[in-house]
1. Please verify whether residue 256 is in the same structural domain as residue 102 (by TED's automatic domain parsing), surrounded by 14 or more Cβ atoms within 10 Å (Cβ to Cβ) and at pLDDT 90 or above, treating the condition exactly as stated.
2. Anything in region 43-70 that is over 18 Å from residue 176 (Cβ atoms), in contact with a Phe, Trp or Tyr (Cβ under 7 Å, 6 or more places away or on another chain) and open to solvent by less than 40 Å² (accessible area, probe 1.4 Å)? List them, or say none.
3. Looking at 168, 96, 139 in this structure, which one is in contact with a helix residue (DSSP H, G or I) (Cβ under 9 Å, 6 or more places away or on another chain) and not charged (D, E, K, R)?
4. Out of curiosity, is residue 168 open to solvent by less than 10 Å² (accessible area, probe 1.4 Å), among the hydrophobic types (A, V, I, L, M, F, W, C), away from the ligand (no atom under 16 Å from the Cβ) and under 15 Å from the mean Cα position of the chain (by Cα)?
5. Of 98, 138, which residue is touching a Phe, Trp or Tyr at 6+ places or on another chain (Cβ under 9 Å), closer than 20 Å to residue 208 by Cβ and either open to solvent by less than 20 Å² (accessible area, probe 1.4 Å) or more than 16 Å from the ligand (Cβ to nearest atom) (or both)?
6. Say we look at region 196-222 and pick out the residues that are under 24 Å from residue 176 (Cβ atoms) and open to solvent by less than 20 Å² (accessible area, probe 1.4 Å); which of these is nearest to the ligand (Cβ to nearest atom)?
7. Pull up region 20-42, narrow it to residues that are modelled with pLDDT of 85 or more and aliphatic (A, V, I, L, M), then point me to the one that is least open to solvent (accessible area, probe 1.4 Å).
Amino acid sequence: MNRYSLLYIIVACCVFAIDGSHAQRRSVNYTPKLEELPRIPIDTIDTADPETKLVLFTNNTFCYYRPTLQEKLDSLQAFNEYWDTTQVFAYKSVALNDLPELIDIKLISDYQDFCAPFVAKVRSKYGRRGRRNHNGVDLPLKTGEPIYATFEGKVRYSTYNSGGFGNLVIIRHSNGLETWYAHMSRRNVSVNDYVKAGDVIGYGGSTGRSTGPHLHFEVRYFDQTFDPERLFAFEEGELKYQTFALERSFFSIYSRETDQLEEYDDFENLASLKDEDGKEASAEDILAYLSEEEKAKREEEYRKSQEVYHTIKSGDMLGSISRRYGVSIDQICRLNNISRNTILQINRRLRIR
Ligand SMILES: [Zn+2]
């Protein structure tokens with residue numbers, strides 16, 4: 001065997017060895033077809049569309065996933081705590097001072113996600129009315145005109161409210177805000193319904209404590225009110241911000257978007273009927289809306305209405321009259337400018353109280 005033959009054998013062996021190991025590797029690392037692998041979701045990835053996720057599976061496949069509104073909202077904290085469908089106020093256990101001084105409220109992701117509740121010039125603004133608060137804005141309308149959900153959300157309250165709101169719908173939104181729609185002629189949603197921005201949630205009216213067709217609209221955060229005109233330009237039907245910096249100081253009836261003077265509230269006669277949280281208006285509340293002259297007149301009428309008189313009949317004596325009315329003889333004498341010895345004339349009117 002010459003050296004060339006030996007070289008040939010060595011090369012051939014190497015080729016065989018390489019080829020053999022290659023064949024062996026192929027048989028061990030055989031890649032099964034995709035459909036033969038278990039398809040288990042292992043991750044979700046955000047996409048450019050905030051509504052759409054990309055789901056990755058163990059078998060190197062993926063799919064797009066768009067949760068339903070219900071799935072999306074039910075996964076959020078705002079819909080999993082303080083959810084009370086029976087009362088207007090859901091956050092009674094949270095005090096104003098428990099809230100942060102500044103809260104960034106993301107209102108929308110794009111302008112498709114907003115709809116004005118009703119487009120009109122604000123007739124009565126947010127603010128103090130005498131001794132009472134006007135906790136929202138009043139938008140004039142015609143009975144039966146549709147009212148729209150401002151943002152997507154879930155209906156927390158939908159009932160006829162005997163405290164003054166009339167037909168009232170409260171919608172909670174993903175960012176924790178609640179929008180209130182009052183005095184409607186008819187409600188179009190029920191509690192726990194999911195709504196999108198622009199869904200018709202009811203129709204304008206004048207139910208409850210109202211003197212004419214209008215929408216009373218409030219915005220609240222943890223039950224606390226602030227001026228809805230901070231967020232919405234109602235006359236233009238526009239939203240002012242995409243993200244709103246809500247300051248705790250805004251939760252005051254004296255904190256308003258504009259100090260522009262306005263005409264007095266003519267839709268909700270705040271001195272009549274009931275308070276918005278169901279309490280009867282007190283005499284004090286009513287007096288707060290009257291002029292000084294009117295007040296004096298009413299106080300005089302009230303005093304007069306409390307006066308009691310007795311017409312003297314045969315046989316009456318001061319002692320028997322005082323016992324009968326439960327007042328002292330001295331009081332009767334004082335009120336009528338007489339003494340204990342004055343002779344009582346029949347048919348004279350004596351003031352007792
Ligand atoms: Zn109002």
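The values are calculated or read from the model by the stated rules, or taken from the named source; none is laboratory data. No experiment lies behind these values; they were computed from the predicted model shown. Note that we place each Cβ from the backbone using ideal geometry, even for glycine, and neighbour counts take in every protein chain shown. To get the accessible areas, we keep the full protein, side chains included, count just its heavy atoms, and leave off ligands, DNA and RNA. Shrake-Rupley method; radii C 1.70, N 1.55, O 1.52, S 1.80 Å.
1. So residue 256 fails the test.
2. 52, 54, 55
3. Working: 168 fails: in contact with a helix residue (DSSP H, G or I) (Cβ under 9 Å, 6 or more places away or on another chain); 139 fails: in contact with a helix residue (DSSP H, G or I) (Cβ under 9 Å, 6 or more places away or on another chain).
Being in contact with a helix residue (DSSP H, G or I) (Cβ under 9 Å, 6 or more places away or on another chain) and not charged (D, E, K, R) holds for just one of 168, 96, 139, which is 96.
4. no
5. Criteria check complete, one pass: 138.
6. 216
7. Selected residue: 40.
Yes or no, residue by residue, for (1) in a loop (DSSP other than H, G, I, E, B); (2) open to solvent by 20 Å² or more (accessible area, probe 1.4 Å); (3) within 15 Å of the ligand (Cβ to nearest atom); (4) modelled with pLDDT under 60:
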site	(1), (2), (3), (4)
252	yes, yes, no, no
262	yes, yes, yes, yes
267	yes, no, yes, no
284	no, yes, no, yes
